[in-house]
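Okay, structure first, notes after.
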Amino acid sequence: MSLENRSPAPHVVIVGGGGTGGALALDLVLRGLRVTLVERGEITSGTTGRHHGLLHSGARYAVNDAESAVECIEENQLLRRVAPGSFEENDGLFVGIDDEDMAYGEKLFAACGATGIPARWLSPAEALRLEPNLNPALKGAIQVPDATFDAMRLPLRWFASAKARGAVIEPFCEVTSFVVRDRCVAGVRGRDHRSGKDFEIGADLVVNAGGPWAEKIAAMAGVDVPIQPSPGVLLALRGRLCNMVVNRMHKSGDGDIVVPQRALSIVGTSSWVVEDPDDLGVPEDHVQKMYQEGAKLIPAVMSAPFRQAWSAARPLIGSREASTGRELSRTFKCFDHLEQDGVEGFVTISGGKATTARAMAETTANVICGKLGVDAPCRTRDTVLLPHTAHYAA
Amino acid sequence: MSDSVTFRVHRFKQGDAASHHDSFEFEPGPRSTVLDALTAIRRTQDPTLTLRHSCFHASCGTCGMKVNGREVLACVTNVRELGTGEVTVDPLDNAPLVSDLVVDMGPFFARLNAVERPLVRESELVPGAHTASGIPQPLRYEDCIECGICISACPIAATDPEYLGPAALAAADRVREEPRGGDVPFVLGLADDPHGAWRCHVAFECSEACPSNVDPAGHIMQLRRSLIGRRWRALLAQPVEAGR
């Protein structure tokens with residue numbers, strides 16, 4: 001038996017196989033920890049795979065949420081370096097349709113400057129030359145470094161890279177209870193739905209990376225996490241109506257973005273709040289809103305053939321009194337439940353968004369390493385990721 | 001009269017001697033898809049049901065399965081439009097079974113890896129699409145969503161486990177069309193093999209079943225044309241050295 005095996009590194013169990021869990025698994029194995037990740041379904045089967053695939057420049061948040069905007073532009077630039085070949089790097093436009101939009105545009109342009117987001121004004125003619133399908137009545141546009149990515153395949157690169165460095169990734173393994181001794185979490189119990197057999201996995205620390213399911217997972221450890229699952233409806237149309245990301249030059253609202261994705265165009269999104277992230281539904285009036293508002297950006301939205309409409313739940317942190325979810329910050333938060341609830345060995349990461357999953361993981365890994373007495377720097381800022389296919393076939 | 005539909009769902013857990021089908025009732029709404037039905041069944045009737053899904057709009061390719069015997073993406077298969085009071089759901093063929101509706105995509109991705117097709121293409125190549133004139137070459141994702149449906153539908157894949165298969169051959173042809181740094185002679189060498197492009201019997205089942213209009217059969221035909229051209233060029237270039 002090697003020396004390594006006799007004094008193994010601390011073992012961290014991550015509950016939740018979305019982008020955050022994947023990025024965290026990689027971050028922790030790169031710092032020398034042992035990692036097991038369990039997910040009740042397929043990897044990226046929760047919120048991660050369902051979003052429109054926008055790599056935020058941060059411009060969407062620049063006016064009202066500078067903290068999120070700065071997070072976004074930093075990650076936007078960083079991810080292009082560590083995940084080459086994963087992005088449609090065609091930039092994005094914020095398109096002004098009326099005078100109110102143009103007034104917002106002035107604030108947006110200034111806020112981009114203040115948060116370090118490269119931005120330039122385009123005349124209507126310049127914007128139409130870039131994107132001929134835009135509403136010809138547009139009054140102006142601002143070009144920003146938005147990009148698009150595959151909502152499933154970028155996170156799969158974190159999973160693939162983590163596995164290659166020894167992380168154990170177990171899909172279809174549902175956690176049903178926590179091993180808790182003297183207010184200290186010491187592992188998880190559950191069932192492997194592939195075999196129908198029960199499992200128990202010991203851990204030095206358990207991380208709840210459940211996204212909108214984080215509240216349900218935390219409840220198993222007897223602690224409260226204030227997550228407000230806030231779904232939005234998205235609409236997929238056949239045909240590629242644009243190559244750039246097209247945003248409405250306006251504060252966040254329903255149907256304010258069109259994102260190209262393969263041979264589809266995705267119109268998003270709406271926002272409301274639900275109790276159960278497993279039971280979202282697709283409200284018909286929200287679908288119609290996507291058509292109406294999307295067509296203000298690109299009129300061909302109305303006539304493009306329908307492919308699908310679906311809902312995805314954002315894992316927003318905050319008050320359960322929230323009514324639409326739009327009032328909640330899109331930044332993320334890491335909870336050490338020792339400080340919060342007197343429970344040792346248990347950390348929750350939630351909030352945030354796909355663009356900042358790596359940064360969320362870095363912050364969480366810093367907290368975890370601090371708790372476990374591991375002194376190792378984050379390496380996900382400069383570790384180039386394996387291709388997504390390596391998740392399935394090494 | 002009830003609008004309920006009976007779902008007969010393939011069940012198998014590792015260690016089981018044989019698979020079977022379980023029946024579940026589901027009342028579809030006008031937009032309900034087979035994926036909606038299966039996730040609702042899992043939520044309200046049987047939490048042990050395993051299936052793969054991610055994007056819910058035919059972009060990720062994870063929910064490929066057989067519905068009433070045909071390969072489809074469950075997320076864009078409307079239950080009412082199937083028009084059957086009973087819906088049978090089975091896992092894809094020609095891939096190792098993991099459990100219930102889940103198959104192991106490892107062998108599929110190993111073949112795709114072999115041809116080294118990049119995920120992002122440099123040309124538009126969508127007929128009739130407008131391109132942004134200010135961006136010389138807009139980047140876009142390849143159309144193949146790597147769902148495995150073409151392999152499941154392919155009659156050759158069922159009989160020849162070494163067959164490279166429609167998805168990987170289509171990917172090889174994309175590398176030929178647009179190399180993007182790929183090793184074209186190497187990839188064409190993989191395709192120019194008894195288990196490569198020549199194994200296809202031109203059944204066109206793959207192109208028929210493809211949910212993303214990749215037309216693997218059309219790509220295989222293009223590959224064959226270029227492979228024949230390559231052989232002729234090789235013959236003409238070396239008439240003496242070959243000297244029999």
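The values are calculated or read from the model by the stated rules, or taken from the named source; none is laboratory data. All values derive from a computational prediction rather than experimental measurement. So basically every Cβ, Gly included, is an ideal-geometry build from the backbone, and we count neighbours across all protein chains shown. Note: accessible area is taken over every heavy atom of the protein model, side chains too, but ligands, DNA and RNA are not part of it. Shrake-Rupley method; radii C 1.70, N 1.55, O 1.52, S 1.80 Å.
Which residues of the stretch B:43-58 bury at least 10 Å² of accessible area once all protein chains are present, versus their chain alone (1.4 Å probe)?
B:43, B:47, B:48, B:50, B:51, B:52, B:53, B:54, B:55, B:56, B:57, B:58
Among A:111, A:374, A:166, whose Cα projects farthest towards the positive end of the dipole of the protein assembly as shown, with charges put on the beta-carbon of Lys, Arg (+1) and Asp, Glu (-1)?
The residue sitting most towards the positive pole is A:166.
Got the relative contact order for the stretch B:106-237 handy, in percent, Cα pairs under 8 Å and 6 or more residues apart? Could the numbers behind the result be given before it?
Values: 157 pairs, mean separation 34.7, N = 132.
The normalised contact order for the stretch B:106-237 reaches 26 percent.
On a full-extension model of 0.36 nm per residue, what is the gain between residue A:77 and residue A:103, subtracting their alpha-carbon distance, rounded to one decimal in nm?
Values: separation 26, 0.36 × 26 = 9.36 nm, distance 2.82 nm.
Result: 6.5 nm gained on full extension.
When the accessible area of the stretch B:5-103 is split by element with a 1.4 Å probe, what percent falls to carbon and sulfur?
Working: 1670 of 3630 Å².
Percent of accessible area from carbon and sulfur atoms in the stretch B:5-103: 46.
Name the residues of the stretch A:233-248 whose accessible area falls by at least 40 Å² when all protein chains are present instead of the chain alone, probe 1.4 Å?
Residues meeting the cut-off: A:240, A:243.
Which residue, chosen from A:148, A:393, A:94, occupies the Cα position most advanced towards the positive end of the dipole of the protein assembly as shown, where the dipole is computed from +1 (Lys, Arg) and -1 (Asp, Glu) charges on Cβ about the Cα centre?
It is A:393.
Could you tell me the convex hull volume per residue, in Å³, taken over the Cα atoms of the stretch A:69-202? Numbers along the way, then the final one.
On the way: hull volume 28.1 nm³, N = 134.
Here the figure is 210 Å³ per residue.
Averaging sequence separations of C-alpha pairs under 8 Å and six or more residues apart, then dividing by the length of the stretch B:5-103, give the relative contact order as a whole percent.
Working: 182 pairs, mean separation 33.9, N = 99.
Rounded, it is 34 percent for the stretch B:5-103.
I'd like to check one number: the per residue accessible area of chain B, probe 1.4 Å, reported in Å² as a whole number.
On the way: 10820 Å² over 244 residues.
Solvent-accessible surface per residue comes out at 44 Å².
So how much accessible surface do B and A hide from each other in total, probe 1.4 Å, in square angstrom to the nearest 100?
Working: alone 13010 and 15920 Å², together 24570 Å².
In total, chains B and A hide about 4400 Å² from solvent.
Other chains near A:37-50: what is the mean number of their Cβ atoms within 10 Å of each residue's Cβ? Spell out each step's value before the answer.
On the way: counts 0, 0, 0, 3, 9, 8, 3, 6, 10, 1, 0, 2, 8, 7.
Across the residues of A:37-50, the mean count of other-chain Cβ atoms within 10 Å is 4.
Out of residues 5 or more away from residue A:179 or on other chains, whose amide H comes under 5 Å of its own, with H placed 1.01 Å from N in the peptide plane?
Long-range HN contacts for residue A:179: A:186, A:187, A:188, A:189.
Give me the distance between the Cα centres of the stretch A:160-176 and the stretch A:205-243, rounded to whole Å.
Comparing the Cα centres of the stretch A:160-176 and the stretch A:205-243, I get a distance of 19 Å.
Suppose every Lys and Arg Cβ carries +1 and every Asp and Glu Cβ carries -1, with no other charges. What dipole size does chain A come out with about its Cα centre, to the nearest 20 debye?
My answer is approximately 1060 debye.
Using alpha-carbon pairs under 8 Å, 6+ residues apart, how would you state the relative contact order of chain A in percent? Write down the numbers at each step before the final one.
Working: 963 pairs, mean separation 89.9, N = 394.
This gives 23 percent for chain A.
What are the semi-axes of the equivalent ellipsoid of chain B, taken as the square roots of 5 times the eigenvalues of the Cα gyration tensor, listed largest first and rounded to whole Å? Each step should come with its number before you reach the end.
Details: eigenvalues 308, 95, 41 Å².
Over the Cα atoms of chain B, the semi-axes work out to 39, 22, 14 Å.
In 20 Å bins starting at zero, report the fraction of Cα pairs in the protein assembly as shown per bin as a rounded %.
Result, from short to long distances: 19, 52, 26, 2, 0 percent.
Return the subset of B:13/B:66; A:216/A:333; A:251/A:296; A:289/B:66; A:107/A:289; A:251/A:353 for which the Cα-Cα distance in this structure is over 24 Å, preserving the input order.
Values: B:13/B:66 18 Å; A:216/A:333 17 Å; A:251/A:296 15 Å; A:289/B:66 33 Å; A:107/A:289 26 Å; A:251/A:353 18 Å.
Cα-Cα > 24 Å for A:289/B:66; A:107/A:289; rest within.
Would you mind giving the average projected area, over all directions, of the Cα convex hull of the stretch B:5-103 in nm² with one decimal? Each step should come with its number before you reach the end.
On the way: hull surface 23.9 nm².
For the Cα atoms of the stretch B:5-103, the hull's average projected area reads 6.0 nm².
For the stretch B:8-20, what does the Karplus curve 6.51 cos²θ - 1.76 cosθ + 1.60, with θ = phi - 60°, yield as ³J(HN,Hα) per residue in whole Hz, taken in order and with x for Gly and Pro?
Once rounded to whole Hz, the list reads 9, 10, 4, 10, 7, 10, 4, x, 5, 6, 8, 8, 8.
Return the single residue from A:170, A:71, A:339 with maximal mean-square fluctuation; model: Gaussian network over chain A, springs between Cα atoms under 10 Å.
Largest GNM mean-square fluctuation: A:339.
Rounded to a whole number, what % of the accessible area of the stretch A:328-385 do carbon and sulfur atoms account for, probe 1.4 Å? Don't jump to the answer; show the numbers that get you there.
Details: 1030 of 2170 Å².
Of all accessible area on the stretch A:328-385, carbon and sulfur atoms account for 47 percent.
Per the helix-only calculation at 222 nm, which mean residue ellipticity applies to the protein assembly as shown, given -39500 (n - 2.57) for every DSSP H run of n ≥ 4 and division by its residues, nearest 500 deg cm²/dmol? Intermediate values should be presented prior to the final figure.
Numbers: 20 runs with 197 residues, N = 638.
Rounded to the nearest 500, the figure is -9000 deg cm²/dmol.
Could you give the accessible area per residue of the stretch A:1-142, probe 1.4 Å, as a whole number in Å²?
36 Å²
Could I get the Rg over Rh figure for the stretch A:4-123? Both from C-alpha atoms, Rh via Kirkwood, rounded to two places.
Values: Rg = 19.3 Å, Rh = 17.3 Å.
On the Cα set of the stretch A:4-123, Rg over Rh gives 1.12.
Can you pull the mean other chain C-beta count within 10 Å for peptide A:190-196? List each step's numbers first, then the result.
Values: counts 0, 2, 5, 11, 10, 6, 7.
What the average comes to for A:190-196 is 6.
How much of the accessible area of the stretch B:144-244, in percent, comes from carbon and sulfur atoms when a 1.4 Å probe is used?
Details: 2860 of 5010 Å².
Roughly 57 percent, rounded to a whole number.
Just the isolated ones, please: cysteines in chain B lacking another cysteine beta carbon under 4.7 angstrom.
B:63, B:75, B:144, B:147, B:154, B:200, B:210
What is the mean number of Cβ atoms from other protein chains located within 10 Å of the Cβ atom of each residue in peptide B:27-37, rounded to a whole number? The partial results should precede the final answer.
Working: counts 0, 0, 3, 1, 7, 1, 2, 0, 2, 3, 0.
For peptide B:27-37, the averaged partner shielding equals 2.
Can you give the charge dipole size of the stretch B:5-103 about its Cα centre, rounded to the nearest 20 debye, using +1 on the beta carbon of Lys and Arg and -1 on the beta carbon of Asp and Glu?
Here the stretch B:5-103 has a charge dipole of around 180 debye.
Suppose we keep just the alpha-carbon trace of the stretch B:162-244; what are its Rg and Dmax in angstrom?
Final numbers for Rg and Dmax: 14.1, 49 Å.
Specify the residue with the greatest mean-square fluctuation among A:30, A:54, A:128, computed from a Gaussian network of chain A linking alpha-carbon atoms under 10 Å apart.
Maximum fluctuation in the GNM of chain A, among the listed residues, is at A:128.
With springs connecting C-alpha atoms under 10 Å apart, model chain B as a Gaussian network and identify which of B:73, B:139, B:169 has the largest mean-square fluctuation.
B:139
Given H placed on each backbone N at 1.01 Å, which residues far from residue A:314 in sequence or on other chains put an amide H within less than 5 Å of it?
A:230, A:232
Positive end of the charge dipole of the stretch B:106-237 (Lys, Arg +1 and Asp, Glu -1 on Cβ, about the Cα centre): tell me which of B:191, B:236, B:172 has its Cα farthest that way.
After comparing all options, I get B:236.
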